[in-house]
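Worksheet for the structure shown next.
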């Protein structure tokens with residue numbers, strides 16, 4: 001089966017000149033798959049981390065501490081209004097070089113965080129800032145009377161938040177969250193700039209060695225179309241699963 | 001005025017002196033659901049026709065077929081010599097002859113009352129702006145809205161908006177006016193002001209077709225009343241006979257509920 | 001006092017000794033962290049650096065190179081404005097094509113919109129940079145296409161797709177009854193769209209359109225990845241020219257962050273304010 005595919009693309013190259021090396025050259029294929037895996041790792045870890053940042057930030061923003069509210073606000077405002085690429089550079093070059101290096105067991109110096117980890121940190125904060133806003137507007141959409149009803153029933157603030165406010169807020173903000181997570185997936189390509197070997201990086205390596213820019217461009221477009229399509233599908237399923245009859249709309 | 005016998009639809013051979021609208025065996029289906037199942041009647045010039053009937057009986061669909069907002073499935077409609085069911089129909093020519101007023105007014109919210117009235121004559125008919133403006137002001141005065149020229153629809157009451165909508169249609173100098181439950185969305189107090197406007201229009205000789213739930217109004221102004229139910233005309237006649245001696249069981253039941 | 005902390009009976013908070021919170025949350029502090037570090041680097045590092053050679057302090061470096069870096073920033077702004085202009089024009093056309101009555105036209109336009117909206121902007125940029133030739137021949141006239149022109153074109157593609165989506169969404173948000181009313185007044189479809197529908201949704205389109213602008217302005221730094229000289233490229237060059245000292249990274253990139261923040265934050269505020277105002281109407 002695999003051999004048949006490889007043979008077909010080999011023949012395609014010989015007959016038409018379309019050189020899809022990824023589909024018949026095992027070396028290129030491995031590089032592409034490794035890139036894809038890194039993209040998935042980046043996407044999944046940043047999605048999860050940004051959701052946590054968003055939830056914690058939104059909780060703090062509606063909390064009693066004025067200082068914390070101010071800090072969260074500052075965080076959101078700064079990260080929403082500066083280019084994510086500069087954020088990545090600032091973290092990776094600016095902070096990464098200021099932090100002391102670690103020494104491994106055999107005496108080698110290694111940075112505390114690798115470029116992949118810095119990319120995850122920076123992208124999570126970027127998307128997290130948007131998520132704070134999204135969750136907050138979702139929480140604000142839950143009527144005060146609902147919260148009062150919960151408190152009248154004896155829920156604590158945290159309890160009301162966990163059992164009543166958040167489940168409702170989540171449904172309100174899912175469409176916006178949807179958009180932001182898709183945007184985050186797209187933004188992971190910026191990790192290319194600090195040499196994180198994700199899909200774009202791997203594909204660029206392949207096309208500069210195999211001289212097949214057009215073919216690899218098409219592979220690249222198709223890859224992201226499928227990845228984004230997959231995320232959209234998952235989010236829509238989730239949205240459908242959470243839908244409450246008669247709520248909203 | 002001579003009429004077909006009141007106990008059945010008019011026979012196809014029958015024609016009044018000058019029919020301005022003529023429907024013959026009009027059918028309309030949405031998917032598998034047949035809303036109109038063969039409607040035939042004529043409207044003479046200057047005649048006022050009211051179409052009444054329970055909700056969902058196809059009244060609004062019927063009136064929308066006449067200016068081709070809704071395409072018919074079968075049958076024929078002729079308005080002033082224009083074959084509405086012709087596939088090569090010039091819809092714009094038809095709609096210049098037929099004015100329509102909607103239940104929800106549908107004024108253009110980004111334009112003032114005066115501009116709402118002026119837009120179509122200027123852009124559609126290409127008439128002179130100054131002349132149109134003079135006529136628009138006169139029309140607004142006629143529907144008793146002098147002084148409201150520069151108000152936006154959002155600043156007017158429902159009844160006022162509906163009268164602007166009537167003026168807007170009249171500005172096109174139509175030959176026939178269609179009214180689709182124009183008072184259904186209004187407060188009871190403002191219904192009257194709109195009905196007065198329509199009555200004046202009818203008295204001036206405008207050909208009017210109204211879908212309405214206002215039975216007393218229908219009795220006062222209509223020359224002829226059609227009662228539709230489940231896609232067919234069940235009964236029709238001039239108001240005096242229609243209200244006094246409805247023969248069909250469905251009509252009687254309906255009238256006893258609404259009167 | 002935090003909500004989760006149980007209060008022992010008989011103790012009033014005011015009687016407890018003042019103590020800083022024992023658990024500083026790292027996630028919460030990281031935001032200002034960057035700015036604090038940026039400021040600290042600018043203020044505290046001179047003292048440290050003066051001990052060594054006569055290397056200028058980070059603050060001095062930033063001030064010294066600020067004119068050059070700001071020129072770079074102006075170039076970013078120029079690219080974003082051009083990309084926005086092209087993208088808005090093309091996007092309006094694409095959005096209207098999506099609303100066309102012709103099924104084929106609307107399907108093709110929809111497909112193009114989805115592709116350009118869902119592919120990462122950086123990938124689109126690569127696409128244009130590598131696949132558009134460096135010069136084109138029009139009527140026998142050779143027009144050179146420098147990299148920055150191609151980059152501008154590359155940025156206008158996502159703008160186009162997003163604007164198309166905004167136009168379509170706004171037109172769809174106008175109730176069908178408006179179309180019906182215009183139709184019954186014998187307006188043609190084109191007249192209805194341009195005279196009745198679009199004027200109504202222009203206001204609605206403004207905030208999302210401004211949002212797209214803000215995004216594209218911030219995205220222009222990606223041009224440095226494909227070799228266009230703009231602010232980030234200059235920042236790296238300045239860093240190299242100053243001897244590549246690691247402690248200069250944070251202030252220099254911090255300066256770039258600051259420039260974009262000063263430019264984009266007011267747009268963001270204005271967008272939010274307009275959104276609120278249009279909503280209440």
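Read-outs: derived from the displayed coordinates by stated rules, not from any lab. Keep in mind that what you see is a predicted model, and the values were worked out from it rather than measured. Cβ atoms come from the backbone with ideal geometry, glycine included; neighbour counts cover every protein chain shown.
Place the peptides A:160-166, B:42-48 in order of packing, highest mean first, counting for every residue the other Cβ atoms within 10 Å and averaging per peptide.
Packing proxy ranking, top to bottom: B:42-48, A:160-166.
Antiparallel as a % of all DSSP beta bridges within the range B:91-222, to the nearest 5? Before the final figure, lay out the partial values.
Working: 0 of 9 bridges.
Just about 0 percent of them are antiparallel.
What is the calculated FRET efficiency for residue A:1 to residue B:255, with r their C-beta to C-beta distance and R₀ = 56 Å, to the nearest 0.05?
Numbers: r = 76 Å, r/R0 = 1.36.
The pair residue A:1/residue B:255 has a calculated efficiency of 0.15.
Determine, for each peptide in B:101-108, C:238-245, the mean count of other beta carbons within 10 angstrom over its residues, then list the peptides with the highest first.
The densest-packed peptide leads the list: B:101-108, C:238-245.
So the label point goes 7 Å from the Cα of residue B:187 along Cα→C-beta, right? Which residues of the range B:205-244 then have their backbone N under 12 Å from it?
Taking a point 7 Å out along Cα→Cβ of residue B:187, no residue of the range B:205-244 has its backbone N under 12 Å.
How high is the FRET efficiency between residue B:32 and residue C:174 when r is their beta carbon distance and R₀ equals 41 Å, given to the nearest 0.05?
Once the sixth-power term is evaluated, E becomes 0.85.
Per residue of A:209-216, how many C-beta atoms from partner chains lie within 10 Å of its own C-beta, taken as a mean?
That works out to 1 on average.
Of all beta bridges DSSP finds with both residues in the protein assembly as shown, what is the antiparallel percent, to the nearest 5?
Working: 27 of 44 bridges.
If we restrict to bridges inside the protein assembly as shown, about 60 percent are antiparallel.
If you line up the long axis of helix B:113-123 against the longest principal axis of chain B, both from Cα atoms, how many degrees apart are they, to the nearest 10?
Taking Cα atoms only, the helix is inclined about 80 degrees.
What does DSSP give for chain B in terms of the percent of beta bridges that are antiparallel, rounded to the nearest 5? Mind showing how you got there, number by number?
On the way: 21 of 38 bridges.
Approximately 55 percent, going by the DSSP bridge assignments.
Suppose R0 equals 41 Å; then what is the FRET efficiency for residue B:90 and residue C:115 from their Cβ-Cβ distance, rounded to the nearest 0.05?
According to the calculation, E is roughly 0.55.
With labels modelled as points extended 7 Å from the Cα through the Cβ direction, what inter-label distance (nm, one decimal) is found for residue C:190 paired with residue C:147?
If labels sit at residue C:190 and residue C:147, their model points lie 4.4 nm apart.
Which of the three applies to chain A, rounded, prolate or oblate, going by the alpha-carbon gyration tensor with a ≥ b ≥ c and a/c under 1.5 meaning rounded?
It comes out oblate by the Cα gyration axes.
When only C-alpha pairs under 8 Å and at least 6 residues apart count, what is the relative contact order of chain B, in percent?
Relative contact order of chain B: 25 percent.
Under 8 Å for C-alpha pairs, at least 6 residues apart: give me the relative contact order for chain A, rounded to a whole percent. Spell out each step's value before the answer.
On the way: 250 pairs, mean separation 62.3, N = 249.
Relative contact order of chain A: 25 percent.
Residue A:108 to residue A:218: extension gain in nm, 0.36 nm per residue of separation minus the Cα-Cα distance?
So the extension gain works out to 35.4 nm.
How many partner chain Cβ atoms sit within 10 Å of a residue's Cβ in peptide B:100-106, on average, as a whole number?
4
Count, for each residue of A:73-81, the Cβ atoms from other chains sitting within 10 Å of its Cβ, then give me the mean as a whole number.
6
By the gyration tensor of its Cα atoms, with a ≥ b ≥ c the square roots of the eigenvalues, what is the shape of the range A:181-226: rounded for a/c under 1.5, prolate for a/b over b/c, or oblate?
Details: a/c = 3.55, a/b = 1.39, b/c = 2.55.
Oblate shape, in that a/c is at least 1.5 and b/c is the bigger or equal ratio.
Can you tell me the 0 to 90 degree angle between the C-alpha axis of helix B:158-170 and the longest principal axis of chain B, rounded to 10?
Taking the Cα atoms of chain B, the angle to B:158-170 is about 90 degrees.
Between the helical axis of A:115-141 and the dominant principal axis of chain A, each derived from Cα atoms, what acute angle in degrees is found, rounded to the nearest 10?
Helix A:115-141 sits roughly 40 degrees off the main axis of chain A.
Where a ≥ b ≥ c are the square roots of the eigenvalues of the C-alpha gyration tensor, would you call the range C:143-281 rounded, which needs a/c under 1.5, or, failing that, prolate if a/b is larger than b/c, or oblate?
oblate
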